[in-house]
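Remarks on the structure that follows.
Bear in mind that the values in this text are calculations on the coordinates, not laboratory data. In this text the structure is predicted, and so the values were computed from the model without any measurement. Positions of Cβ are backbone-derived with ideal geometry, glycine not excepted, and every protein chain shown enters the neighbour counts.
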Amino acid sequence: MKLAMVDDRITSCEELDPVHFDRGLYFGDGVYEVLRSYHGKIFALDEHLQRFAASMAAIRITGIDIQVVRERVLRAFQAAGFANAKIYFHVTRGSEPRSHTWKPGLKPNFFLTVSELVDNPQEKARGIAVCTHPDLRWKRCDIKSLNLLPNILAKQAAAEKGCGEAILVDEAGFITEGAGSAVFAIIGKALQTAPLSANILPSITRHFVTKAARNAGLPIEERCLTPQQAAAAEELFLAVTTKDIVPVVRFDDVVIGNGLPGPGTKAITAEFLKFTT
């Protein structure tokens with residue numbers, strides 16, 4: 001028998017709920033997705049499920065049928081009854097006594113929540129402030145894993161400065177992305193963002209933002225920007241699933257443009273919203 005202690009209660013490990021042995025809890029050994037609905041319809045479900053399947057394959061989680069995940073998402077969304085909802089779900093490798101290696105055939109654990117999503121039009125109308133923070137994440141940020149401690153610390157540091165997002169800067173001095181968002185700049189009438197790589201999440205919202213920009217007549221340039229180049233941009237904005245496009249009007253201590261969301265951001269936002277109706 002092994003002994004366990006939960007808060008002040010001492011018991012045997014055999015009597016504990018398997019949730020206490022989830023490898024996601026011990027190691028962050030799992031992957032997740034966040035998606036949303038607009039007006040009663042889930043946005044980009046196929047794209048999110050495709051990325052989720054790629055994340056599971058990348059860390060070798062098996063035993064989860066992606067069509068079963070789709071059915072669970074749709075069933076939970078319908079049961080919740082929210083027209084505008086945030087849907088979070090994750091899969092961990094499973095539950096077993098703590099060990100860095102895993103047993104073959106371990107049954108994965110699935111978890112999902114649905115919550116009502118209330119958009120913030122005032123935030124989009126006035127824009128937000130952001131600040132830079134060192135990018136301390138691991139080298140496979142293209143996998144949407146549960147290992148988010150660097151993101152959490154960056155986001156908290158930004159919040160304590162009164163900022164809405166932390167903009168991550170790598171060791172070479174280039175912006176990668178936000179702690180929970182993709183970063184875009186409008187410079188010289190072109191939309192610029194970092195190219196996809198192992199340290200950039202293939203954001204679904206990013207994909208639709210680039211389509212919206214093309215529809216708005218803006219060329220796309222994929223290149224890495226320094227904080228100095230971003231601060232000198234004509235416009236900045238973030239792209240994130242739960243908020244779609246959020247204008248940035250202050251970068252560290254620098255006011256972007258005239259301190260209000262710019263015309264390029266507004267044009268891209270208008271085109272993006274056409275995908276959601």
Virtual spin-label span in nm between residue 88 and residue 68, 7 Å along Cα→Cβ
2.3 nm
At R0 = 22 Å the Cβ-Cβ FRET efficiency linking residue 118 and residue 75, nearest 0.05, sits at 0.40
Helix 45-58 sits at what angle to the longest principal axis of the chain, using alpha carbons and giving 0 to 90 degrees rounded to 10?
60 degrees
Output the 0 to 90 degree angle, nearest 10, between the alpha-carbon long axis of helix 149-160 and the longest principal axis computed from the alpha carbons of the chain.
50 degrees
Degrees between helix 66-80 axis and first principal axis of the chain (Cα, 0 to 90, nearest 10)
80 degrees
Taking a temperature of 4 °C and a viscosity of 1.567 mPa s, what whole-number D in µm²/s does Stokes-Einstein yield for the chain with Rh from Kirkwood over alpha carbon pairs?
64 µm²/s
Rounded to 0.05, the calculated FRET efficiency for the beta carbons of residue 139 and residue 254 at R₀ = 30 Å is 0.50
Can you tell me the Rg and Dmax of region 3-116, counting just the alpha carbons, in angstroms?
16.3, 50
Tell me the relative contact order for the chain as a rounded percent, counting alpha carbon contacts under 8 Å between residues six or more apart.
17 percent
Tell me, what is the FRET efficiency for residue 273 and residue 149 to the nearest 0.05, using R0 = 45 angstrom and their Cβ-Cβ distance as r?
0.85
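Step through the table entries 103/155; 161/211; 211/266; 189/211; 41/107; 139/189, compare each Cα-Cα distance with 24 Å, and write down the pairs that go over it.
103/155; 161/211; 41/107; 139/189
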Hey, in the GNM for the chain with a 10 angstrom Cα cutoff, which one of 26, 38, 88 fluctuates hardest?
26
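Given the -39500 (n - 2.57) contribution per DSSP H run of 4+ residues, what per-residue ellipticity at 222 nm results for the chain, rounded to the nearest 500 deg cm²/dmol?
Details: 8 runs with 81 residues, N = 277.
Taken over the chain, the calculation gives -8500 deg cm²/dmol.
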